[in-house]
Amino acid sequence: MKRSAEDAAMTRLTLLEAALMAFEEKGWRGATFEHIAERAGVTRGALHHHFRSKAVLLTEALEWGWSDYGNRIFSREHTPSDVEGWLRAVLSEFVTSLRHDGRFRALASTTVLVAPQALDDSSRKHEALDAWRDEIATSLRAGTDLPMPAETAAGLVLVLIQGFTVTAVTRPHDLPQPEHLHAATAALVRGLLS
């Protein structure tokens, strides 16, 4: 029986998600093709059909994960009309996702702990962050007078996001607690935009 392109695409997404979870759980060495295939509920042959090596799988899982979450976080339908409110919402959603979304935590952990061990070429690893910076800069240009160029401010927002990511992996208790998240992001955004 021949599988449809839609079935193949769904299998690929299942494998990417299983890879992120396996890399978080087992690390670079422990996340074998066998373990990832088992976690995804497919054969090792099916995994090899989609990804020729573990490094390719890791790279594509990271690219897919950051792109997917970027699309969610920067969705224009959820953009408040004011830039300050939009930026607070972006940072709050990012921290909330790190706290409560297992796949996002796995993406953060894999990015911080596994990717540096496994991948030499950093150019592809930075493409998603470049897209995030561009999206942030475009939104910042849209609605406020900044004390610096929008690209510089967007870079600082990325510094915050990367700091939250590393903190979620290494010291998650230091992330702003849910009851203080609004006040914390409001203070960060006020400081950035003033």
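The values are calculated or read from the model by the stated rules, or taken from the named source; none is laboratory data. Just so you know, these numbers come straight off a predicted model, no measurement behind them. Positions of Cβ are backbone-derived with ideal geometry, glycine not excepted, and every protein chain shown enters the neighbour counts. Please note that ligands, DNA and RNA were not included when accessible areas were found on the heavy atoms of the full protein model with its side chains. Shrake-Rupley method; radii C 1.70, N 1.55, O 1.52, S 1.80 Å.
Residue pairs whose Cβ atoms lie under 6 Å apart, separated by 6 or more positions or on different chains, with the first residue in the range 23-42 and at negative phi and the second in a helix (DSSP H, G or I) and of a type in the set (F, W, Y), are A31/F23. Of everything in the range 1-52 that is among the aliphatic types (A, V, I, L, M) and not in a helix (DSSP H, G or I), the residue that is least open to solvent (accessible area, probe 1.4 Å) is A31.
With respect to the conditions (1) more than 26 Å from L175 (Cβ to Cβ); (2) surrounded by 13 or more Cβ atoms within 10 Å (Cβ to Cβ); (3) charged (D, E, K, R); (4) at pLDDT below 90, K125 falls short on a single one, namely (1). If you go through the range 105-119 one residue at a time, how many are open to solvent by 40 Å² or more (accessible area, probe 1.4 Å) and of a type in the set (S, T, N, Q)? The number of residues fulfilling the criteria is 2. Looking at V95, V90, just one residue is at pLDDT 95 or above, under 30 Å from L15 (Cβ atoms) and buried (at least 19 other Cβ atoms within 10 Å of the Cβ), and that residue is V95. Just checking, which of T165, T170 is surrounded by 18 or more Cβ atoms within 10 Å (Cβ to Cβ), polar (S, T, N, Q) and out of contact with any strand residue (DSSP E or B) (no Cβ under 9 Å at 6 or more places or on another chain)? None of the others qualify; the one that does is T165.
Scanning the range 133-162 for residues that are over 18 Å from S194 (Cα atoms) and open to solvent by less than 10 Å² (accessible area, probe 1.4 Å) yields a total of 1. Could you go through the range 113-121 and let me know if any residue there is closer than 18 Å to I73 by Cα and modelled with pLDDT under 95. Within the range 113-121, not a single residue is closer than 18 Å to I73 by Cα and modelled with pLDDT under 95.
State which residue is farthest from L98 (Cα to Cα) when the search covers only the range 53-71 and only residues that are touching a residue at least 40 places away in the same chain (Cβ under 8 Å) and open to solvent by 40 Å² or more (accessible area, probe 1.4 Å). So the residue we want is K54. Among residues of the range 117-143 that are closer than 30 Å to A31 by Cα, those with a beta-carbon under 7 Å from a residue that is open to solvent by 60 Å² or more (accessible area, probe 1.4 Å) and modelled with pLDDT under 75 at least six positions away or on a different chain give the pairs L119/K125.
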